[in-house]
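This report refers to the structure that appears directly beneath it.
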Amino acid sequence: MSRYRLQPSPAQEQVLLEHCGHARYVWNLAVEQHSHWKPGRKTAPGFAEQCRQLTEARAENEWLRAGSIVVQQQALKDFAQAMANFFGKTHKRPTWRRRGRGEGFRIVAVKAGDVRRLSRNVGEVKIPKVGWVRLRWSRAVPEGVKSYRVTRDAAGRWHVAFAAIPEPVPAPGTGEAVGMDRGVAVSAALSTGEMLNAPGLRDGEKARLLRLLRKLARAERGSNRRGKVKAAIARTRAREADRRKDWMEKTSTGLARRFDVIAVEDLKIPGMTRSARGTLEAPGRNVRQKAGLNRGILAAGWGRLVERLEHKAPGRVQKINPRYTSQTCNACGHRAAESRESQSRFRCVACGHQAHADVNAAKNLRDTAAGHAVAARGGLPLGGPANREPQRDLLLVR
Ligand SMILES: [Zn+2]
């Protein structure tokens, strides 16, 4: 996804807000239908049935009919995807959407001429029922845009994100593999010894955010001042998120360019962040530490980084079962929980090998994948999972 700032006129903004309202309304109807469902009852309506109901609802309600059917149908499709994610146990159950929070809608079947550049920094995108809306052409819009999502953040800024899978980055062809272990103190450690750090807020910005949060706690509910403080907080957080996103794109492209095979831990992020179990094989000493680990994982956006890597290096990302990778010595292969001295220190109780704990784990990941790395030069790794190629169609609708 590449995101651009939208600059709608006040009149256009009204229609965009209506689209958001329709998407939210349809989504909430779907949530309600499914919330009545209990085991043993007739199944809750699926996407096809809901589309039929939507047609009926549009026939009966003038205000709904006045809106875009694409916006409304896609809200149902988003909901269907959210339910599939829920049943696939990768996400929580979809919940109600509230006005002003995570507002947005999606447009599909975008045609080639629907996005165009007007001048160096200005472009425009055609949005159903709105017309051409200006956007800040902050970087090249990817080729072959099939769909886009329009969102409004808590600070009231509009963005458009074009869904196009990035072109795969060519492999260097050296047969070299790298292991990448997610860290806590750093975002990721490479088997080469490099420490990758996702940028966050600078010290001055952090201090300012703290001041704002204190102000917010004191501000009266519903007051003007409170609204202003909230918007300032949202802007700061958005800046932080933008920086991370940018870092993630650069990092994933760099890794795809430098290495033939990238070995990462195979971990299910949503479950991991909820319980923190199985993250540190040295069993948890105390809960505070785990809470910190949870925050660290979320902040590092690990799942997103791996996803981008898979887009840019299709078939070259190896997901390795991380079991014991943090307590096995990379020098002698001895496995002992006591070798992991602390969060960051590894000292082998058998051979005395010392290393940064995350780098040691990254090397274990790399070596586990190494057999595949050799095979990857000639073609598909033998015995590797068969479904590693990204499914382009599925990715496009997200
Ligand atoms: Zn050892």
Residue list for the stretch 132-156, filter: assigned to a loop (DSSP other than H, G, I, E, B), over 21 Å from GLU249 (Cα atoms) and more than 20 Å from the chain's Cα centre (by Cα) | ALA155, GLY156
Conditions (1) part of a helix (DSSP H, G or I); (2) more than 16 Å from the ligand (Cβ to nearest atom); (3) modelled with pLDDT of 75 or more; number of the one not met by GLY292 | (3)
Look through the stretch 318-333, keep the residues that are in contact with a His (Cβ under 9 Å, 6 or more places away or on another chain) and within 14 Å of the ligand (Cβ to nearest atom), and return whichever of them is nearest to ASP266 (Cα to Cα).
-> THR328
Any chance the stretch 166-186 includes a residue that's surrounded by fewer than 18 Cβ atoms within 10 Å (Cβ to Cβ), under 20 Å from the mean Cα position of the chain (by Cα) and not acidic (Asp, Glu)?
-> yes
Out of (1) of a type outside the set (D, E, K, R); (2) within 23 Å of LEU196 (Cβ to Cβ); (3) modelled with pLDDT of 85 or more, the one GLY352 does not meet is (2)
Check whether at least one residue in the stretch 197-211 is closer than 22 Å to SER252 by Cβ, crowded, with 19+ Cβ neighbours inside 10 Å and not β-branched (Val, Ile, Thr), and report yes or no.
-> yes
Go over the candidates VAL125, VAL110 one by one and state the one that is assigned to a loop (DSSP other than H, G, I, E, B) and buried (at least 16 other Cβ atoms within 10 Å of the Cβ).
-> VAL110
Selection within the stretch 334-365 - of a type outside the set (D, E, K, R), more than 7 Å from the ligand (Cβ to nearest atom) and either assigned to a helix (DSSP H, G or I) or buried (at least 18 other Cβ atoms within 10 Å of the Cβ) (or both) | ALA337, SER339, PHE346, ALA355, HIS356, ALA357, VAL359, ASN360, ALA361, ALA362, ASN364, LEU365
Within the stretch 298-333, work out how many residues are buried (at least 20 other Cβ atoms within 10 Å of the Cβ), part of a helix (DSSP H, G or I) and among the aliphatic types (A, V, I, L, M).
-> 4
Do you know which residues across the stretch 128-151 are under 30 Å from LYS230 (Cα atoms) and touching a His at 6+ places or on another chain (Cβ under 8 Å)?
-> VAL130, VAL150, THR151
Of all residues in the stretch 217-236 being of a type outside the set (Gly, Ala, Ser) and surrounded by 15 or more Cβ atoms within 10 Å (Cβ to Cβ), the one that is nearest to ARG366 (Cα to Cα) = THR236
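A quick yes/no check of all residues on (1) among the acidic types (Asp, Glu); (2) in contact (Cβ under 8 Å) with a residue 60 or more places away in the chain; (3) on the phi > 0 side of the Ramachandran plot:
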residue: HIS36; (1), (2), (3): no, no, no
residue: GLU60; (1), (2), (3): yes, no, no
residue: VAL70; (1), (2), (3): no, no, no
residue: ARG101; (1), (2), (3): no, no, no
residue: ASP114; (1), (2), (3): yes, no, no
residue: VAL125; (1), (2), (3): no, yes, no
Tell me, which residue of the stretch 210-256 that is acidic (Asp, Glu) and in a helix (DSSP H, G or I) is modelled with the highest pLDDT?
-> GLU249
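The values are calculated or read from the model by the stated rules, or taken from the named source; none is laboratory data. Small disclaimer: the values here were computed from a predicted structure and weren't measured. Methodologically, a virtual Cβ is constructed for each residue, glycine included, from the backbone with ideal geometry; neighbour enumeration extends over all protein chains shown.
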